[in-house]
1. Of the residues ARG46, ARG37, which single one is basic (Lys, Arg) and under 13 Å from the mean Cα position of the chain (by Cα)?
2. Looking only at the stretch 1-17, filter to residues that are surrounded by 12 or more Cβ atoms within 10 Å (Cβ to Cβ) and modelled with pLDDT of 95 or more; which one of those is farthest from the chain's Cα centre (by Cα)?
3. Given the residues VAL27, VAL51, which is the only one that is at pLDDT 95 or above and over 15 Å from PHE114 (Cβ atoms)?
4. Can we say GLY30 is loosely packed, with under 15 Cβ neighbours inside 10 Å, within 20 Å of ARG89 (Cβ to Cβ) and of a type outside the set (Lys, Arg)?
5. Between GLY36, GLY74, which is more than 23 Å from HIS117 (Cα to Cα), crowded, with 17+ Cβ neighbours inside 10 Å and at pLDDT 95 or above?
6. So which strands (runs of 3 or more DSSP E) are wholly in the stretch 1-72 and hold at least 3 residues that are over 18 Å from GLU108 (Cα atoms)?
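The values are calculated or read from the model by the stated rules, or taken from the named source; none is laboratory data. Keep in mind that this is a model prediction, so the values were computed, not measured. Cβ atoms come from the backbone with ideal geometry, glycine included; neighbour counts cover every protein chain shown.
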Amino acid sequence: MLDYKELNNTDGLAPWPPFSDLDFVNVLSGDPQHRGRHDLGAFDTRLQVGVWECTPGKFEYTYPGDEICTLLDGHIKVTDADGNTHEFRTGDSFFTVQGEKVTWEVIETIRKVFHIHNIDGA
């Protein structure tokens, strides 16, 4: 069992590939930096579970898999493809589907626990 009451810390977070290297991310403003860790799975597996952190900035993101996440810290605004903007803060959860394109605006550095299922496994 993974208990994120205990695993919600920054232990083991490491820099992840720069957004400029990811074809599913387009930075719109700022210089957001991210890092994370996998507690289950890896980048190339169908199932990934872990903790991810990102500094302020704004970017478009096309989800490579279905994802549910819960914010452990921070504040973001997420605008969906229909133009609806949602604000999330510590303790909030949301779900996105594979292929969905959203715009993230990280207001305060966020840290989240994530669960991603990618049927393609990549």
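1. ARG37
2. Restricting to residues being surrounded by 12 or more Cβ atoms within 10 Å (Cβ to Cβ) and modelled with pLDDT of 95 or more, the top hit is LEU13.
3. Working: VAL51 fails: over 15 Å from PHE114 (Cβ atoms).
Step by step, each of VAL27, VAL51 is checked, and only VAL27 is at pLDDT 95 or above and over 15 Å from PHE114 (Cβ atoms).
4. Here the answer is yes, as GLY30 does meet what is asked.
5. From the options GLY36, GLY74, the qualifying one is GLY74.
6. 34-40, 47-54
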